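I have placed the structure first, in the form of structure tokens, so that the comments after it can refer back to it.
The values are calculated or read from the model by the stated rules, or taken from the named source; none is laboratory data. Quick caveat: nothing in here was measured; it's all calculated off a predicted structure. Reconstructed Cβ throughout: ideal geometry from the backbone, glycine too, with neighbour counts over all protein chains shown.
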């Protein structure tokens, strides 16, 4: 055992001195490698944390939303649909919601306007998301003008700004009372944008949804789980898009690894020849090269992951903000809670460390299997 | 100590560029003596040294080291014999650049699993013995030809081998350094080492320390000495 450990220690000594001998080359390799790990890890961490965040927020969302479709498009739904839906067994409560989009030409941003009953908002007042307040440089008690359906303007006073905790989904949100909503959009009485349902038993959701479609074939019930799946898909897609954009950097890295994989420098080959000549076995040389690859890839991996962690969870992921948070002008500002597990880190590890270590072993193995007498002939 | 029976070494066998480097060599090398393989370039000296030093296997024939047949041993065992029983001094010394003299001397012993501290002491002792102890921490590329030669000899001795093999060791040395090298050979011989040198330098094969000169030409032995 002692012999085994000493042998490893000696070979590690050689590895370290070998790495230091090619300081510039190895340092350049670590910089590029770290950068690639940093980029990929940032996307992975970000997508995973945002999905978790969205899931947490949506946990409070209604279990079923019923929309009415006219000619395949979302239309207002009569409130008397609610009375019939309430009769379905298992439905605890049905409420109509009024909401819509408002384009503000001064900031070129779209806001989501929604009628709120809880908290109740007095006429002439609004509660706004942080993105809206930032975009309009507005503070509490400031007034915001809204252009109504007939071209006139209504000024609504900011009563409150929503909590930062909710910013991921409420950045562009404006809550107001029904009267003000109708003044802006001219919505007819007895109509709602959609209906939200509370259901007693979570397992009955699908059955209730089916019953609603049977009762009102012109409606579309949307389950909370479906929204979650859509969020997942959207963030996965955005994450994928980021990876595609970053593929230039990744391609550069592959070329670098390929270069390393297809050959050793003449100096490295000479060294391997000498070592074989003075009595090193092929396995000793492979062990050295394995450690070299492992030192470079592991240090780059950890460095890249740590930098990505700092980037995503401490610096507010400045590099990918526009791509991941939305295409809107109102980027939500929030700090993410670290949410990644063994799966994400091990995927990153297998995508970066393993291929690199393997590709560096192949040329070394080729060089290490040369006959030791080659050193006598060079 | 080492016996060769009808040894033949062919490079690129079966191809258009087939080359017979050694053709039916049968010779015995005595222990604790200095044997020189003499002959012009291409005579097969280096190839013969490689076979004697377990660096390569013959195409046909048998090699016995200390009475044990080694011709058909797998690479691992051959390497084990090579690093424990043979020390090599190469034509261009082949020191590893960018590392210290001390490390270069220690390298052949690294895979043996000897404690680093013990190994370091041994290497320092050898460097002192050859008068270059002060250069232990210098990088090898800063050494003169004579100093490099001494480092190469110290490296060959680190595993305390029974046989020292030197291929054209004076090829890159002036007459003074070549004579100095022969003095080191004398010292090693008096320590009981078997020394095998390939050279066509008269300073080597005419030196009084040499016990036997084997003359080679065209892959065959012309004079057994």
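If you filter segment B:48-60 down to residues that are in a helix (DSSP H, G or I) and more than 8 Å from every other protein chain (Cβ to nearest Cβ), you find that the one that is nearest to residue B:3 (Cα to Cα) is B:52. Within segment B:154-171, one or more residues are away from chain A (no Cβ under 13 Å) and either within 16 Å of the chain's Cα centre (by Cα) or in a loop (DSSP other than H, G, I, E, B) (or both). Where residues in segment A:31-58 are touching a residue at least 40 places away in the same chain (Cβ under 8 Å) and more than 30 Å from residue A:297 (Cβ to Cβ), which of them is surrounded by the fewest Cβ atoms within 10 Å (Cβ to Cβ)? Of everything passing the filter in segment A:31-58, A:55 is surrounded by the fewest Cβ atoms within 10 Å (Cβ to Cβ). Among the residues of segment B:83-91, is there at least one that is within 8 Å of chain A (Cβ to nearest Cβ), assigned to a loop (DSSP other than H, G, I, E, B) and modelled with pLDDT under 90? Scanning segment B:83-91, I find at least one residue that is within 8 Å of chain A (Cβ to nearest Cβ), assigned to a loop (DSSP other than H, G, I, E, B) and modelled with pLDDT under 90, so the answer is yes. A single entry from B:122, B:193 fulfils the requirement of being under 30 Å from residue A:4 (Cα atoms) and touching a strand residue (DSSP E or B) at 6+ places or on another chain (Cβ under 7 Å): B:193. Regarding residue B:105, is this residue crowded, with 18+ Cβ neighbours inside 10 Å, within 25 Å of residue B:191 (Cα to Cα) and away from chain A (no Cβ under 13 Å)? No; evaluated as a whole, the condition is false for this residue. Counting only strands (runs of 3 or more DSSP E) that sit wholly inside segment A:97-206, those with at least 2 residues that are within 26 Å of the chain's Cα centre (by Cα) are A:109-115, A:173-176. For segment B:14-28, taking the residues that are more than 12 Å from chain A (Cβ to nearest Cβ) and surrounded by 15 or more Cβ atoms within 10 Å (Cβ to Cβ), the one that is nearest to residue B:225 (Cα to Cα) is identified as B:27. Could you check, for segment A:14-30, whether at least one of its residues is more than 13 Å from chain B (Cβ to nearest Cβ), free of Cβ contacts under 8 Å to residues at least 60 places away in the same chain and either surrounded by fewer than 17 Cβ atoms within 10 Å (Cβ to Cβ) or over 30 Å from residue A:240 (Cα atoms) (or both)? Yes, segment A:14-30 contains at least one residue that is more than 13 Å from chain B (Cβ to nearest Cβ), free of Cβ contacts under 8 Å to residues at least 60 places away in the same chain and either surrounded by fewer than 17 Cβ atoms within 10 Å (Cβ to Cβ) or over 30 Å from residue A:240 (Cα atoms) (or both). With respect to the stated conditions, residue A:174 is under 21 Å from residue A:62 (Cα atoms), touching a helix residue (DSSP H, G or I) at 6+ places or on another chain (Cβ under 8 Å) and surrounded by 13 or more Cβ atoms within 10 Å (Cβ to Cβ).
Would you say residue B:72 is surrounded by fewer than 16 Cβ atoms within 10 Å (Cβ to Cβ) and within 16 Å of the chain's Cα centre (by Cα)? So residue B:72 fails the test. Scanning segment B:174-200 for residues that are modelled with pLDDT under 90, part of a loop (DSSP other than H, G, I, E, B) and surrounded by 20 or more Cβ atoms within 10 Å (Cβ to Cβ) yields no hits at all.
Applying the selection to segment B:82-97, what residues are crowded, with 18+ Cβ neighbours inside 10 Å and either touching a helix residue (DSSP H, G or I) at 6+ places or on another chain (Cβ under 8 Å) or free of Cβ contacts under 8 Å to residues at least 60 places away in the same chain (or both)? Of everything in segment B:82-97, those that are crowded, with 18+ Cβ neighbours inside 10 Å and either touching a helix residue (DSSP H, G or I) at 6+ places or on another chain (Cβ under 8 Å) or free of Cβ contacts under 8 Å to residues at least 60 places away in the same chain (or both) turn out to be B:82, B:83, B:87, B:88, B:89, B:90, B:91, B:93, B:94, B:95, B:96. Name the pairs whose Cβ atoms lie under 6 Å apart, with the first residue in segment B:109-123 and more than 7 Å from chain A (Cβ to nearest Cβ) and crowded, with 21+ Cβ neighbours inside 10 Å, the second assigned to a loop (DSSP other than H, G, I, E, B) and at pLDDT 90 or above, and 6 or more positions between them or separate chains? Correct list of pairs: B:109/B:158; B:109/B:159. For segment B:92-137, the tally of residues that are assigned to a helix (DSSP H, G or I), under 20 Å from residue A:284 (Cβ atoms) and under 21 Å from the mean Cα position of the chain (by Cα) stands at 13.
Of the residues making up segment B:29-47, just one is within 14 Å of another protein chain (Cβ to nearest Cβ), surrounded by 15 or more Cβ atoms within 10 Å (Cβ to Cβ) and assigned to a loop (DSSP other than H, G, I, E, B), namely B:44. Helices (runs of 4 or more DSSP H) fully within segment A:282-378 that include at least 3 residues being at pLDDT 80 or above, buried (at least 18 other Cβ atoms within 10 Å of the Cβ) and touching a helix residue (DSSP H, G or I) at 6+ places or on another chain (Cβ under 6 Å): A:282-309.
Restricting B:41, B:72 to those that are under 25 Å from residue B:202 (Cβ atoms) and modelled with pLDDT under 90 reduces the list to B:41. Going through (1) closer than 26 Å to residue B:1 by Cα; (2) touching a helix residue (DSSP H, G or I) at 6+ places or on another chain (Cβ under 9 Å); (3) away from every other protein chain (no Cβ under 14 Å) one by one, residue B:206 falls short only on (2).
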